[in-house]
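Quick notes on the structure that follows.
Just so it is clear, none of the values below were taken in a lab; they were calculated from the coordinates. It should be emphasised that the depicted structure is a prediction, and the values quoted were computed from it without experimental measurement. When we count neighbours, we look across all protein chains shown, and the Cβ atoms used for this are built from the backbone with ideal geometry, even at glycine.
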Amino acid sequence: MPDFLELCEVSAKDLRLILEDARKVKTERNGKTRGVLDAGAPLTDYVVALIFEKHSTRTRLSFDVGVRQMGGQSIVLASTELHRSRGETVKDTALMLSRYVDLIMIRTFADKVIREMAEHASVPVINGLTDYSHPCQIMADVMTFEEKAGPIEGKTVVWVGTGNNVCNSFLHAAGQFGFNFVFCGPEGFDPDQRAVSFATSMGSEFIIDRNPFTCVKDADMIVTDAWISMHEEAGGDSRQKLHAYQVNQKLLSFARPDVIFMHCLPAHREEEVTSEVLDGPNSAILDEAENRLHVQKSIMKWCLGLI
Ligand code: CP
Ligand code: NVA
């Protein structure tokens with residue numbers, strides 16, 4: 001059964017299948033309370049381990065609630081409670097977990113950990129964020145964009161800020177879903193070259209424009225994220241260098257009035273983005289967060305061969 005590790009490693013056809021299933025089930029659930037089971041309770045008989053080696057609010061809640069809505073059972077594990085934090089190897093952890101659970105979702109630091117987990121686990125592994133990528137988030141973001149503005153193919157996504165893990169997954173998605181990607185940030189903060197190469201090899205246009213006011217002109221979506229990610233050290237002069245790349249109302253005034261603003265959250269209000277934008281009419285942040293739930297349920301079903 002397949003892992004869900006990177007958007008560039010799952011076929012575009014399967015990514016579409018996942019999005020279609022998510023849309024269908026979300027519609028069927030409309031107006032129901034959160035604890036109502038999905039039709040057919042597809043995860044009855046399945047146990048899912050949700051492992052967190054970093055902090056999380058949305059990923060933890062959305063996976064846990066998602067498993068419950070599908071009739072399955074989830075076990076949330078913080079790394080500090082596991083022998084992993086005392087040196088038990090990823091390989092031993094993966095082999096042992098595979099005897100207890102049917103699916104593993106892990107949020108961790110190095111990409112290497114998730115690769116090793118997937119190599120040794122005999123059950124599917126889902127990437128819940130690494131230092132390198134955040135594929136589940138971008139599936140939710142594509143779903144959110146298409147709900148609001150129709151097919152994302154041929155559209156222009158403008159990333160303002162620092163080229164981090166979320167940005168890398170956006171580049172994978174650009175290649176898979178056929179949208180164009182503009183990166184707008186200071187020199188030294190560009191996204192990973194492998195992610196850029198994937199997008200361009202799939203026919204996406206990739207542009208670097210270091211001027212925030214010109215870069216947003218043709219944007220269908222403007223997206224940003226924290227300037228300092230969980231795996232990064234605060235300090236140095238990053239904040240100073242990124243200062244000119246804050247998403248604020250002045251920047252939005254250079255974009256089309258219907259531009260969609262996204263942020264995976266948590267946001268650092270008045271740092272990478274102002275409250276005026278986060279809480280304003282262009283913002284899709286709560287829909288993005290909600291769609292994590294819907295799309296991850298479909299990702300879990302896809303991993304288990306249930307769609
Ligand atoms: N966007 C996101 O992954 O949020 P959490 O860190 O709260 O899980
Ligand atoms: N780039 C952020 C995303 C948090 C969901 C981080 O890795 O901390």
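Lacking any other cysteine beta-carbon closer than 4.7 Å, the following Cys residues of the chain have no compatible partner: 8, 136, 167, 264, 303. Simple spin-label estimate for residue 276 and residue 249 gives 0.4 nm between the two label positions (7 Å along the Cα-to-Cβ direction from each Cα). For the stretch 12-54, backbone nitrogen atoms closer than 12 Å to the point 7 Å from residue 73 Cα along Cα-to-C-beta are found at 44-49.
Label separation (residue 205 vs residue 149): 1.5 nm, computed from points 7 Å beyond Cα along the C-beta direction. DSSP beta bridges fully contained in the chain are about 0 percent antiparallel.
Along its three principal directions, the equivalent ellipsoid of the stretch 18-153 from the Cα gyration tensor extends over semi-axes of 28, 19, 13 Å, largest first. Across the stretch 122-135, coupling constants 3J(HN,Hα) worked out from phi with the 6.51/-1.76/1.60 Karplus curve, θ = phi - 60°, read 9, 10, x, 10, 10, 7, x, 2, 10, 4, 8, 7, 8, x Hz, and Gly and Pro carry x. Work through the residues other than residue 82 whose Cβ is under 10 Å from its Cβ and net out their charges, Lys, Arg +1 and Asp, Glu -1. So the surrounding residues net to -1. Simple spin-label estimate for residue 17 and residue 89 gives 3.4 nm between the two label positions (7 Å along the Cα-to-Cβ direction from each Cα).
Evaluating 6.51 cos²θ - 1.76 cosθ + 1.60 at θ = phi - 60° for every residue in the stretch 43-59, the Karplus couplings come out as 9, 4, 6, 10, 10, 10, 9, 10, 9, 10, 9, 9, 5, 6, 10, 5, 5 Hz, glycine and proline recorded as x.
When each of 275, 56, 197 is scored by the number of other beta-carbon atoms lying within 10 Å, the sequence from fewest to most is 275, 197, 56. With the largest listed first and rounded to whole Å, the semi-axes of the equivalent ellipsoid of the stretch 174-307 from the Cα gyration tensor are 25, 19, 18. Spatial offset of the stretch 56-82 relative to the stretch 6-33 amounts to 19 Å, using the alpha carbon center of each. Here's the list of aspartates and glutamates a cross-link from residue 91 could span, going by alpha-carbon distance under 14 Å and ignoring same-chain residues fewer than 8 apart: 116, 119.
Ignoring the sites themselves, the chain has its longest run without GluC sites (Glu not before Pro) in a DSSP loop having at most 13 other Cβ atoms within 10 Å at 1-87. Charged side chains reduced to their Cβ positions (Lys and Arg at +1, Asp and Glu at -1) give the stretch 238-307 a dipole of some 280 debye around its Cα centre. Would you please give the FRET efficiency between residue 190 and residue 44, computed as 1/(1 + (r/R0)^6) with r the Cβ-Cβ distance and R0 = 35 Å, to the nearest 0.05? The formula returns an efficiency of 0.15 here. The phi-based Karplus calculation (6.51 cos²θ - 1.76 cosθ + 1.60; θ = phi - 60°) puts the 3J(HN,Hα) values of the stretch 289-298 at 4, 5, 5, 4, 4, 5, 6, 5, 4, 6 Hz, whole numbers, x for Gly and Pro.
Given the chain reduced to its alpha-carbon atoms as identical point scatterers, what log10 I(q)/I(0) does the Debye formula return at q = 0.11 Å⁻¹? Debye output, listed in q order: -0.65. Using the structure shown, list the pairs from 26/155; 112/241; 54/148; 54/301 with a Cα-Cα distance above 27 Å, or answer none. Over 27 Å Cα-Cα: 112/241; 54/148.
Distance from the alpha carbon centroid of the stretch 194-239 to that of the stretch 264-299 works out to 17 angstrom.
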